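The structure under discussion appears below in the form of structure tokens.
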Amino acid sequence: MSTFAAVVLFAGVLAYAVLGGADYGAGLWDLTAGGARRGQGPRHLLDQTLAPVWEANHVWLIFCLVMLWTGFPQAFAAIMTTLYIPLGLTALGIVVRGSGFAFRKVVLHTQQQRAVGAAFATSSVITPFFLGTVTGGIASGRVPADGHGDPITSWINPTSLLGGVLAVAVCAFVAAVFLTAEARRLAEPELQRWFGRRAQGCAVVTGAVAVAGVWILRSDAHRLFHGLLTRGLPLVVVSAACGLACLALLHRAAPRLLQALAASAAGTVVLGWGVAQYPYLLGSHLRITQAAAPDTTLWALAIVAGAALLLVVPAMALLFALQQRGDLDST
């Protein structure tokens with residue numbers, strides 16, 4: 001039951017990493033689109049694509065928090081009492097991002113529009129960065145099983161900083177590919193080229209960060225490094241293959257195929273981390289079985305989680321289908 005609960009928890013992490021990551025990455029391209037006139041086209045496509053679905057993906061974050069809190073209370077307490085600084089900054093980023101995206105549609109003055117737009121775009125970058133540092137702190141074993149670890153070095157360290165930079169880069173790549181596909185679907189060749197160039201550049205940066213990360217993990221997170229080169233290696237290879245295929249077919253493949261390849265490239269990276277981390281929940285000192293709640297609690301949690309997924313997954317699928325068909329009002 002503990003392994004089953006961990007798999008369900010990680011499925012939520014995977015969904016948030018891919019779907020929420022695409023939303024966060026779009027904020028980076030909003031930030032770098034240029035002035036009001038030069039960035040009008042890219043920002044309009046961003047609004048048109050994000051507006052119907054951008055807040056819905058937080059359901060996966062809530063799902064993960066509930067699963068972790070209920071199914072693995074010891075790990076939840078350890079993470080919250082150690083990584084409270086990056087987690088607090090993540091929560092602040094989510095709130096500021098949501099406020100900025102909502103208010104920039106209703107404010108009238110140019111200066112106010114720029115301010116709330118900058119708030120949305122900047123928080124879209126810092127939020128995945130801090131989530132990446134949290135992941136790095138957990139994976140590198142800097143969260144003690146009893147909690148109350150060092151509040152600074154637990155997330156300001158080589159592995160955490162690598163996780164933060166890689167999270168931003170992957171989010172930006174997925175978003176650029178998704179938006180390239182959307183521009184092609186909407187017959188916007190100029191925007192397709194604009195986002196396509198950024199997808200290609202971002203792929204190069206992401207690859208360079210990943211290669212540099214090999215040496216960082218080798219010296220700073222030896223067990224994670226070993227896991228990625230053994231059990232997780234097939235998933236890392238699949239991720240690289242999907243990314244390369246995505247670039248090769250960027251201007252030729254059907255939009256849905258491009259989006260599927262980009263999502264697979266990001267998802268298999270996260271899945272590779274999970275496989276390399278198993279059977280530990282925290283670093284190499286707290287196993288899933290040790291951190292799990294009693295079996296009675298896990299059985300109740302499994303029933304509730306199953307019911308929640310039966311409600312959420314079809315609803316989310318319908319939402320995305322309507323958005324892809326253009327049936328939702330994005331204003």
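Could you work out [θ]222 nm for the chain from helices alone, using -39500 (n - 2.57) per DSSP H run of at least four and dividing by all its residues? Round to the nearest 500 deg cm²/dmol.
Working: 14 runs with 251 residues, N = 331.
Result for the chain: -25500 deg cm²/dmol, rounded to the nearest 500.
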Item to check | Distance histogram in 5 Å bins (all Cα pairs of the range 90-170, percent per bin) | outcome: 3, 17, 19, 16, 14, 11, 9, 6, 4, 1, 0
Checklist entry - When you count, for each residue, the other Cβ atoms within 10 Å and take the mean per peptide, how do 13-26, 112-125, 303-316 rank with the highest first? => result 13-26, 112-125, 303-316
Item to check | Whole-angstrom Cα spans of the range 121-274 along principal axes, big to small | outcome: 55, 35, 23
Checklist entry - How big is the gap, in Å, between the Cα center of the range 1-72 and the Cα center of the range 246-267? => result 18
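I need the peptides 66-77, 285-296 ranked by packing, meaning the mean over residues of other C-beta atoms within 10 angstrom, with the highest value on top.
Values: 66-77: 19.4, 285-296: 15.7.
Taking the mean over residues of other Cβ atoms within 10 Å, the ranking is 66-77, 285-296.
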Checklist entry - Dimensions of the range 2-276 along principal axes (Cα, Å, largest first)? => result 53, 41, 32
Checklist entry - Taking θ as phi - 60°, what are the ³J(HN,Hα) couplings along the range 32-38 by the Karplus curve (6.51, -1.76, 1.60), each to the nearest whole Hz, with x for Gly and Pro? => result 9, 6, x, x, 4, 6, 5
Checklist entry - Size of the range 169-229 along its principal axes in angstrom, Cα-based, largest extent first? => result 48, 16, 13
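In percent, how large is the relative contact order of the range 2-276, given Cα pairs closer than 8 Å and 6 or more residues apart? Don't jump to the answer; show the numbers that get you there.
Values: 389 pairs, mean separation 58.8, N = 275.
21 percent.
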Next on the checklist: I want to verify the translational diffusion coefficient of the range 34-147 in µm²/s; compute it with Stokes-Einstein, Rh as the Kirkwood radius over Cα pairs, at 10 °C and 1.306 mPa s.
Outcome noted: 99
Item to check | Residues in the range 169-203 reached by a label modelled at GLN40 [backbone nitrogen below 16 Å; 7 Å Cα→Cβ] | outcome: 190-191
Checklist outcome for this item: Expected vector for the range 200-213, Karplus 3J(HN,Hα) from phi with 6.51, -1.76, 1.60 and θ = phi - 60°, integer Hz, x for Gly and Pro, equals 5, x, 5, 4, 5, 5, 4, x, 5, 5, 5, 5, 4, x
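Going highest first, how would you order 137-145, 181-189 by mean Cβ packing within 10 Å? Show your work: numbers first, answer last.
Working: 137-145: 23.6, 181-189: 17.6.
Highest-to-lowest ranking by the protection proxy: 137-145, 181-189.
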Checklist entry - For ASP150, ASP30, what's the fewest-to-most ordering of other Cβ within 10 Å of each Cβ? => result ASP150, ASP30
Checklist outcome for this item: Residues whose built amide H sits under 5 Å from the amide H of ARG287, excluding neighbours closer than 5 in sequence, are LEU281
Next on the checklist: If I model a spin label as a point 7 Å beyond the Cα along the Cα-Cβ vector, how far apart are those points for ALA187 and ARG114 in nm?
Outcome noted: 3.6
Next on the checklist: I need the phi-derived Karplus couplings for the range 237-243: 6.51 cos²θ - 1.76 cosθ + 1.60, θ = phi - 60°, integer Hz, Gly and Pro marked x.
Outcome noted: 5, 4, 4, 5, 5, 5, x
Checklist entry - What spacing in nm lies between the two simple spin-label points modelled at THR297 and ILE152, each 7 Å away from Cα in the Cβ direction? => result 3.4
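Read the figures in this text as sums done on the coordinates, not as results from a lab. Here the structure is a predicted model, which means the values were calculated and not measured. No Cβ is skipped: glycine too gets one built from the backbone with ideal geometry, and neighbour counts run over all protein chains shown.
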